[in-house]
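A.B. asks: Got a structure here, written out as structure tokens. Questions coming.
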Ligand SMILES: *Cc1c(COP(=O)(O)O)cnc(C)c1O
């Protein structure tokens, strides 16, 4: 039987990060001693009070449809969060709760982009952005960056990429996969350009709370009323509350865009899981004391991994300011990223994600959301692997 696959679906590549993670998990299940640096999720458990709130909701029978864009209590808690932490004023009607931050991104792109539109995406990029743009029938326009600029686009690069067809600029700071963080001044400047050219910004701020060395994240929406009107902020519970499996994310947008997204969501997924939303309320309104502990642990691992990579011949690594990834440059080893990662997994049982998945073939992505003991063991193996190559 010949099946016709739609043009949009046929144009997609499956998520390489998820593929590597499952390959590593499978090797582990077969009894191999694999060190996994592939994970895109914190290795900490969801804080107990959040689990309790969801369990209580489930026990109380909070198991039916909710309003499609989320329960009022959660949309209010999210609006309060934006006010408190970001100085941004949103009505609950401007807030949409979705089935993960990934779903929020997809909703934004579907609601604002169509055939003929261009979406500017800096590379290295989160691998789902270009695929989502293609699903909407629009065209991804990639701006390449490198470790020489800490993986940040320059204002000149952004200006040069904008055409009359540009609809959206995707900004992800702190970044997955590089961990790079734009300064408030840099964010404002990129925002100024978009405002001047009438380009919308999708600002994916899911790593907002995961920043190091006293660095500061500032939302592009916060610089002026014009910046606010040009920006859709995407966020979620996955990273700072370690709730990846809950599938709960959110966004805040100018009212007409929020309305359009509400319509898209009401005809696709409907509401995110009812009792998960109660967990979301607890996450935003409850204690946040888990966060400094996690950050201290992440910072220790990052420091170790950063110095270790720079001690390996053929590898250089700029330090990340946020998230839980490093993005070392492997071009000195003579291998491209896919071969590097395939051989590393085969020979040394270490899973890392090839940079090619993020549009940057001279790099690999290492997630340090795993114990320091694992990181030491895994990076010793990387060291051995690379020294074997260079000889
Ligand atoms: C993890 C992540 C998200 C959201 O993930 P969900 O699990 O869907 O909430 C969004 N953007 C980036 C860049 C991420 O790394």
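The values are calculated or read from the model by the stated rules, or taken from the named source; none is laboratory data. This structure is a prediction, so every number in the text was calculated from the model and none was measured. Cβ placement follows ideal geometry from the backbone for every residue including glycine, while neighbour counts extend to all protein chains displayed.
A.B. asks: Here are some residues: 31, 40, 61. Which one is outside any helix (DSSP H, G or I) and within 16 Å of the ligand (Cβ to nearest atom)?
C.D. replies: Exactly one residue qualifies, and that residue is 40.
A.B. asks: For the structure I just gave you, tell me whether residue 338 is crowded, with 22+ Cβ neighbours inside 10 Å and in the same structural domain as residue 12 (by TED's automatic domain parsing).
C.D. replies: No.
A.B. asks: Write out, first by first residue and then by second, each pair whose Cβ atoms fall under 7 Å of each other, whose residues are 6+ apart or on separate chains, and whose first residue, in the range 205-226, is in contact (Cβ under 8 Å) with a residue 60 or more places away in the chain and at positive phi while the second is part of a loop (DSSP other than H, G, I, E, B) and within 16 Å of the ligand (Cβ to nearest atom).
C.D. replies: Pairs found: 213/321.
A.B. asks: In addition: Residue pairs, Cβ under 9 Å, 6 or more apart or interchain, first in the range 228-253 and in the same structural domain as residue 129 (by TED's automatic domain parsing) and without any contact (Cβ under 8 Å) to a residue 24 or more places away in the chain, second more than 9 Å from the ligand (Cβ to nearest atom) and not in a helix (DSSP H, G or I). List them.
C.D. replies: 245/46
A.B. asks: Next question, about the same structure. Here are the criteria: (1) farther than 18 Å from residue 276 by Cα; (2) buried (at least 23 other Cβ atoms within 10 Å of the Cβ). Tell me which single one residue 78 does not satisfy.
C.D. replies: Among (1) farther than 18 Å from residue 276 by Cα; (2) buried (at least 23 other Cβ atoms within 10 Å of the Cβ), the lone unmet condition for residue 78 is (1).
A.B. asks: Somewhere in the range 238-249, is a residue buried (at least 21 other Cβ atoms within 10 Å of the Cβ), touching a strand residue (DSSP E or B) at 6+ places or on another chain (Cβ under 6 Å) and closer than 18 Å to residue 82 by Cβ? Please lay out each step first, then the result.
C.D. replies: Taking the range 238-249 as the starting set, the residues that turn out to be buried (at least 21 other Cβ atoms within 10 Å of the Cβ) are 238-239, 241-243, 246, 248-249.
When the remaining residues are screened for being touching a strand residue (DSSP E or B) at 6+ places or on another chain (Cβ under 6 Å), the result is 249.
If we keep only those that are closer than 18 Å to residue 82 by Cβ as well, we get 249.
Yes, the conditions are met somewhere in the range 238-249.
A.B. asks: Return a yes/no flag: does the range 300-307 have any residue that is farther than 30 Å from residue 351 by Cβ and part of a helix (DSSP H, G or I). Don't jump to the end; show me each part of the working.
C.D. replies: Going residue by residue through the range 300-307, those that are farther than 30 Å from residue 351 by Cβ are none.
No, every residue in the range 300-307 fails to be farther than 30 Å from residue 351 by Cβ and part of a helix (DSSP H, G or I).
A.B. asks: Have a look at 198, 191 and point out the one that is surrounded by fewer than 17 Cβ atoms within 10 Å (Cβ to Cβ) and within 19 Å of residue 166 (Cα to Cα).
C.D. replies: Every option except 198 fails the conditions.
A.B. asks: Let me ask another. So for the range 261-277 (the condition being within 13 Å of the ligand (Cβ to nearest atom) and closer than 30 Å to residue 212 by Cα), does at least one residue qualify?
C.D. replies: yes
A.B. asks: Turning to a different aspect of this structure: Consider the range 257-280. How many of its residues are part of a helix (DSSP H, G or I) and farther than 20 Å from residue 170 by Cβ?
C.D. replies: The qualifying residues number 12.
For (1) over 28 Å from residue 133 (Cβ atoms); (2) surrounded by 23 or more Cβ atoms within 10 Å (Cβ to Cβ); (3) touching a residue at least 24 places away in the same chain (Cβ under 8 Å), each residue gets a yes or a no:
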{"position": "51", "(1), (2), (3)": "yes, no, yes"}
{"position": "62", "(1), (2), (3)": "yes, no, yes"}
{"position": "66", "(1), (2), (3)": "yes, no, yes"}
{"position": "72", "(1), (2), (3)": "yes, no, no"}
{"position": "87", "(1), (2), (3)": "yes, no, yes"}
{"position": "93", "(1), (2), (3)": "no, no, yes"}
{"position": "96", "(1), (2), (3)": "no, yes, yes"}
{"position": "101", "(1), (2), (3)": "no, yes, yes"}
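A.B. asks: Would you mind finding the one in 307, 277 that is in contact (Cβ under 8 Å) with a residue 24 or more places away in the chain and over 19 Å from the mean Cα position of the chain (by Cα)?
C.D. replies: Details: 307 fails: in contact (Cβ under 8 Å) with a residue 24 or more places away in the chain.
Of 307, 277, the one residue that is in contact (Cβ under 8 Å) with a residue 24 or more places away in the chain and over 19 Å from the mean Cα position of the chain (by Cα) is 277.
A.B. asks: Something else about it: Specify the residue that is farthest from residue 13 (Cα to Cα); the eligible residues are those in the range 337-391 that are part of a loop (DSSP other than H, G, I, E, B) and touching a strand residue (DSSP E or B) at 6+ places or on another chain (Cβ under 8 Å).
C.D. replies: Out of the qualifying residues, it is 370.
A.B. asks: Considering only residues that are part of a helix (DSSP H, G or I) and more than 16 Å from the ligand (Cβ to nearest atom), which ones fall in the range 211-248?
C.D. replies: Selection gives 221, 222, 225, 226, 227, 228, 229, 230.
A.B. asks: Quickly run through the range 83-122 and pick out the residues that are under 14 Å from residue 281 (Cα atoms) and away from the ligand (no atom under 16 Å from the Cβ).
C.D. replies: 92
A.B. asks: What do you reckon, is residue 18 assigned to a helix (DSSP H, G or I) and either in contact (Cβ under 8 Å) with a residue 40 or more places away in the chain or out of contact with any helix residue (DSSP H, G or I) (no Cβ under 6 Å at 6 or more places or on another chain) (or both)?
C.D. replies: The answer is yes for residue 18.
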